[in-house]
């Protein structure tokens, strides 16, 4: 049921469709605060499936134990697993985006929507001469297993679990649920190119928009606040690495944590680090974000380390890593944007060191 192709419509028509559907998904979701995010996701997953024809259902659904469930990446790709937004009509896209909205916080959904809309900005900046298709509807929805499993089951078998992947250029969001519980919500990857829109392109997002600004500015605030002695502990490389580690891998093995320990920061610096971590944890729905924060508190902030590489000002490559007992955050801004502005292309990820995709921590997958 492919009603139109973005290639066959003027850019403004394509953009209007996505913006309208996106806003509708936020405004009409009707989230029930008495229900868990997992239960709401189940409701909207079922509603989404009900809008599809048989061919679309086959494309968007896979077995929970499919190897594709743990395959992910954020680079531009000609094709991905799942059903593309472009292949849906307006009602189907609304249903798909409602499902995504149920999994995310308001701030997280806004970032996801803006990342999709950055494809229009890239298209204008590249004047259609880029090596990749820039299309805000080239994002794919995949359901693994069957939403609606019996919540009373505690076996944890694949039959009891189901998963959601929402993925495209610069975004990979992955969830595993069982009954009322979200078992995992990682890997959580978000990217932004341009990191800051420096040109007035006349499309969708305005000049000055910085989708992942808080993730970057709090990092700068913390590293600049450190004394020379503290920087000796925090800085792991004078030049930032080319990108985040473990891109596309299902299960990272990061090795020993690097950087300065939380206990060696003063109170104000500790507050900034907490705020920075919270910015990454709070992409998902609030009860899930709260569980993430509670886990960090339970493990103890003294287990958390902050590491920096590269410049401490915009426009020159920089990166940071934050490692806790059971989480890893990586942020990287080293690449240029299409206009040639250096270090204006952000990649960042939040990972579960006990097992992305609800994998066991010692999984080889």
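Highest mean first, what order results for 199-205, 126-132 on Cβ atoms within 10 Å? Provide the component values of the computation, followed by the final result.
Details: 199-205: 15.4, 126-132: 10.4.
Packing proxy ranking, top to bottom: 199-205, 126-132.
Extending each Cα 7 Å along its Cβ direction at residue 245 and residue 221, get the distance between those two points in nm, one decimal.
2.7 nm
Once you sort the root eigenvalues of the Cα gyration tensor of segment 74-216 as a ≥ b ≥ c, which label holds: rounded (a/c under 1.5), prolate (a/b larger than b/c) or oblate (the other case)?
On the way: a/c = 2.51, a/b = 1.97, b/c = 1.28.
Since a/c reaches 1.5 and a/b is larger than b/c, the shape of segment 74-216 is classed as prolate.
Report the full-extension gain for the segment residue 46 to residue 199: residue separation times 0.36 nm, less the Cα-Cα distance, to one decimal in nm.
Numbers: separation 153, 0.36 × 153 = 55.08 nm, distance 4.15 nm.
The residue 46-residue 199 span can extend by a further 50.9 nm.
Where in segment 202-229 does the label zone of residue 313 land, with the point 7 angstrom along Cα→C-beta and an amide N cut-off under 19 Å?
So the set is 216-228.
Classify segment 213-358: rounded, prolate or oblate, from the alpha-carbon gyration tensor (a ≥ b ≥ c, eigenvalue square roots; a/c under 1.5 rounded; otherwise prolate if a/b is larger than b/c)?
On the way: a/c = 1.57, a/b = 1.18, b/c = 1.33.
In terms of gyration-tensor shape, oblate.
What FRET efficiency would be calculated for the residue pair residue 180, residue 290, taking the C-beta separation as r and a Förster radius of 25 Å, to the nearest 0.05?
Values: r = 15 Å, r/R0 = 0.59.
Efficiency, rounded to the nearest 0.05: 0.95.
Can you tell me how the chain classifies by the Cα gyration tensor, rounded, prolate or oblate, using a/c under 1.5 as the rounded cut?
oblate
Give the order of 350, 139, 262 when sorted by the count of other beta carbons within 10 angstrom, beginning with the fewest.
Details: 350 24, 139 28, 262 20.
With the sparsest Cβ surroundings first, the list reads 262, 350, 139.
Describe numerically, in nm with one decimal, the distance between label points set 7 Å from Cα along Cα→Cβ at residue 299 and at residue 77.
Distance between label points: 2.7 nm.
Spin-label point model (7 Å from Cα, Cβ direction): what's the residue 35 to residue 54 distance in nm?
In this crude label model, residue 35 to residue 54 measures out at 2.9 nm.
For segment 278-295 and segment 52-108, what is the separation of their Cα centres, given in Å?
23 Å
With a 10 Å Cβ neighbour count serving as the proxy for reagent exposure, in which order, fewest first, do 105, 336 appear? Please list the in-between numbers first.
Values: 105 19, 336 14.
Sorted ascending by nearby Cβ count, the order is 336, 105.
At 0.36 nm per residue, and after removing the present C-alpha to C-alpha distance, how many nm does the segment from residue 229 to residue 339 gain when stretched out fully?
Going from the current span to full extension adds 35.8 nm.
Taking the Cβ of each residue in 78, 337, 63 as the centre, tally the other Cβ atoms inside 10 Å and list the residues starting with the fewest.
Taking fewest neighbouring Cβ atoms as first place, the list is 78, 63, 337.
All of the numbers you see were taken from the coordinates with simple rules; none came from a lab. Only a predicted model underlies this, so the values are computations on that prediction, with no experimental measurement involved. Counting neighbours? That spans all protein chains shown, and the Cβs are built from the backbone with ideal geometry, glycine included.
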